[in-house]
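The values are calculated or read from the model by the stated rules, or taken from the named source; none is laboratory data. Here the structure is a predicted model, which is why all the values come from computation and not from measurement. Every residue, glycine among them, receives a Cβ derived from its backbone with ideal geometry; neighbour counts consider all protein chains shown. Note: areas computed on protein heavy atoms with side chains; ligands, DNA, RNA excluded. Shrake-Rupley method; radii C 1.70, N 1.55, O 1.52, S 1.80 Å.
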Amino acid sequence: MKVTFALSAIAALAAKVSAACFSERLGYPCCRGTEVVYTDSDGKWGVENGNWCGIGNSGSSASCWSQALGFPCCTSTSTVYYSDNDGDWGVENGNWCGIIKGGGSGGNGGNGGNGGGNATPGEQYTIQGNPFANVEFYINPYYVEEVDNAISQMSDSSLIAKAEKMKTYSNAIWLDNIKNMQSWLEPNLQGALSQQNSGGTPVLTVFVVYDLPGRDCHALASNGELLANDSDMERYKSEYIDVIEGHLKKYKSQPVVLVIEPDSLANMVTNIETTPACADSQTYYMDGHAYLLKKLGVFANVALYLDIGHAFWLGWDDNREKAAKVYSKVIQSGAPAKVRGFVDNVANYTPWEDPTLSRGPDTEWNPCPDEKRYLEAMHKDFTSAGIQSVYFFSDTSRNGKKTDRKHPGEWCNQTGCGIGARPQASPISGMEYLDAFYWVKPIGESDGTSDTSAKRYDGYCGHETAMKPAPEAGQWFQKFFEEGLKNANPPL
Ligand code: BGC
């Protein structure tokens, strides 16, 4: 059976390559010296160590147009996510691939209908009030691809059914370095636009702007590509923010939400005195915010939310008081930009409500021991501090239940976590300043590596309740994804 499947899969592969050995591009090694057992349009195949391998450099290179541009051809998908003058693009293993006309083998389906095409932006869209209301949420095809790969590693049918549902929910797209921004911003704006143009309902895409110089100054796991120095600040402005600005200017007819630089301002509130890297980053964080607000906060179709950490970070009275000052100053520094509000609990695990806790020794006297009480308090404080627009949305990707953590300061890949409330607009009646629950952290992507020899190893990822072994931040973490599915609350 296995052999039959492998043969038909190979026969279906559409890529034609001209590498040293043609099969490497298709995921099969080159043969070291063996007989031909099968030939198809890709070339000659042998078997070594029970595995298919390619013989020689056969196959025509003519039809794999994307190879010349440095991208492989798609081998198992024909779903178009983006089209340009070069051709139609798909996504495989988190990478762009070229779709050969008349080729491909099936596609992954169920990706929210974001087919490609050269959709042309129409009239200016203006967000009025809550940007999450009366829109469809864009589904990130890359995430669908990650989930499809995850499903291919599962055998439990009830878990597979839960995983399948994950492909129908939206989550944020992290522009976590210059290259990823180039790869993900425009194609996904295009994808959302073509969906919007064909369906008629506005399609909202949520991006995370995440590349400040000296990023993640109080931890190591998500340290970024840019360092806290003047030349990297220049790169942040010209190669990252200005490019984002250009795309947002162009895609003016669709709603967009931007999550601004997770953890950065919360670090400015609590960690400047204690952590030298945060002191070193201060100028760049503040200057970076002023710059990005002025550039990105001026579009009628784009709503900005500044990250405010979570209840067990800024929830204490003194931290909230300081926070109100820091955030108002930042917003003023970005004038005349508009900031819609704030986003809490990004990539954290704090439950939305936890009636078992109240201010006392157990909460280290934090009066805001869950996200709901945190937002209630922040709403009051920020409003009294004179901030004009005080709305929130809350990341509920992984806070469906209490995790195994014994201290709320644990943030890395917590065991016992469960997927939380599904993305939805205006989820709590009576809390009119809560715009949405939404999934900012893509469920299944790691918080940080547990490899103690890695450059970005952070001790928190080695703690008792951090699941191990864990891959680098942002990489797929299969076991962790499965844990989240099993513990989802509400259940999937
Ligand atoms: C990582 C990013 C990643 C994001 C989403 C962050 O912790 O640093 O690289 O894109 O998580 O998984």
Gained length - Ala68 relative to Arg359, 0.36 nm times residue gap less alpha-carbon distance: 98.6 nm
What's the extension gain from Lys455 to Ser231 if we count 0.36 nm per residue and subtract their Cα-Cα distance? 78.4 nm
Quick one: accessible area per residue over the chain, 1.4 Å probe, rounded to a whole number of Å²? 41 Å²
Taking the chain and a Cβ-Cβ threshold of 4.7 Å, the cysteines left without a partner are Cys368, Cys417
Using the Cα atoms of the chain to build a convex hull, what is its mean projected area in square nanometres? 24.2 nm²
Separation in nanometres of the label points that stand 7 Å from Cα toward Cβ, at Asn85 and Glu164: 4.3 nm
Along principal axes, largest first, the alpha-carbon spread of region 187-255 in whole Å comes out as 45, 24, 15
Among DSSP bridges having both ends in the chain, what percentage is antiparallel? Round to the nearest 5. 40 percent
Taking a 1.4 Å probe, which of Thr126, Thr356, Thr270, Thr350 shows the most accessible area, and what order do the others take after it? Thr356, Thr126, Thr270, Thr350
Taking R0 as 60 Å and r as the Cβ-Cβ distance between Gln282 and Glu35, the FRET efficiency 1/(1 + (r/R0)^6), rounded to the nearest 0.05, comes to 0.35
If I model a spin label as a point 7 Å beyond the Cα along the Cα-Cβ vector, how far apart are those points for Glu376 and Asp404 in nm? 3.2 nm
How do the peptides 154-163, 430-439, 468-477, 186-195 rank, highest first, by the average count of neighbouring beta carbon atoms within 10 Å per residue? 186-195, 430-439, 468-477, 154-163
Sulfur and carbon atoms: percent of accessible area, region 136-487 [1.4 Å]: 51 percent
Going through the cross-link list Lys250/Lys294; Lys249/Lys294; Lys162/Lys468; Lys167/Lys249; Lys329/Lys380, which pairs have a Cα-Cα distance over 19 Å in this structure? Lys162/Lys468; Lys167/Lys249
Quote to one decimal, in nm, the extra length available between Asn197 and Gln182 on full extension: 0.36 nm per residue of separation minus the C-alpha distance between them. 3.1 nm
What is the magnitude of the charge dipole of the chain about its Cα centre, with +1 placed on the Cβ of each Lys and Arg, -1 on the Cβ of each Asp and Glu, and no other charges, expressed in debye to the nearest 20? 700 debye
Can you find, among Gly416, Gly400, Tyr374, the residue sitting farthest towards the positive end of the charge dipole of region 374-427, where Lys and Arg contribute +1 and Asp and Glu -1 at Cβ? Gly416
Between region 319-366 and region 438-483, the alpha-carbon center distance in angstrom: 24 Å
Rounded to the nearest 0.05, what FRET efficiency do Thr126 and Ile428 give with R0 = 25 Å and r taken as the Cβ-Cβ distance? Could you check? 0.45
Each label sits 7 Å from Cα toward the beta-carbon; between Thr274 and Gln478 the label points are separated, in nm, by 3.8 nm
